[in-house]
């Protein structure tokens, strides 16, 4: 779920000032926009978890099915092995015997509650006694939930959460001695960024990796992909972002609720309609908030600047997110530009979604 906003270096700003700066920048630009990371306060994170379970939202269940079907293959490609019973017994007696050349540390960008990641971690835990997982996200609530659930479910797992806005700069990665890194960027989160922004994220990640490290990238595929997935039409996409229960609409409007709470604004979220559009020329879903009637909104003065009065008319919109859809060619181009080499790609039978394993080169 993306924004057309430029990537700002917000690393030195407090969370509250970052919200104020980005809201002012986006709401005074033409056309208006808000960065999608503003969705993920506690309420927004909970609404997004609801979205992932909706019947229309095929992305999460399709990627989960790919992990279930191919977790073994993914780690075989990475050169990990399942130790024999004798090796397991030896390791259990002496935890210092870590089979260092096989160890992977898993780092995940935009982890959220890591509901699908457990499938991969459980498979990797079969192959190494000790496992460090570093989820990175802007929602501390989601990270706490991920840590609580995963440490109790995966033997030998240590979770080291990092609350950070990873789009604005490099994020510290803990690398145990002689360990390799497997970076996860799944859920088609990369689709939330314009091509230049996506390249910046992948390039900064690659700069922190070494040869022998790897990336597992999950992306949503473009509709009617060269006849390979005729069952996936723009209508299928639009339904995924405009569900019949209205959960996505509530998620979209919650960004205004957050601005009211944190900035003292007086948005009336009920005066904005949720709009999801398919932009074929840019291969992306666009999410907007559209005013239903003409009205004004006031944001009081804060550390980012003086008071603002914003005037909205029914023809206006606030662009809150994009979700780019990919082809095999665009996936390869994106990864190669960031110095990753594709090892293997896994897709579902209907070619809805792709999970690509790529080596750092």
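Below, the figures for the structure above:
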read-out	value
Output for the stretch 340-361, where each listed residue is farther than 19 Å from residue 58 by Cα and buried (at least 16 other Cβ atoms within 10 Å of the Cβ)	340, 342, 357, 358, 359, 360
Qualifying residue in the stretch 329-346 (condition: out of contact with any strand residue (DSSP E or B) (no Cβ under 8 Å at 6 or more places or on another chain) and part of a strand (DSSP E or B))	no
Condition check for residue 18: assigned to a helix (DSSP H, G or I), modelled with pLDDT under 95 and surrounded by 18 or more Cβ atoms within 10 Å (Cβ to Cβ)	yes
Where residue 322 falls short, out of the listed (1) assigned to a strand (DSSP E or B); (2) farther than 19 Å from residue 197 by Cβ	(2)
Single match in 112, 79 (criterion: modelled with pLDDT of 90 or more and not assigned by TED's automatic domain parsing to the domain that holds residue 320)	79
Residue count for the stretch 329-349, restricted to those that are closer than 20 Å to residue 73 by Cβ and in contact with a helix residue (DSSP H, G or I) (Cβ under 8 Å, 6 or more places away or on another chain)	10
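The values are calculated or read from the model by the stated rules, or taken from the named source; none is laboratory data. If you're wondering where the values come from, they're calculated on a predicted model, not measured in any experiment. Note that we place each Cβ from the backbone using ideal geometry, even for glycine, and neighbour counts take in every protein chain shown.
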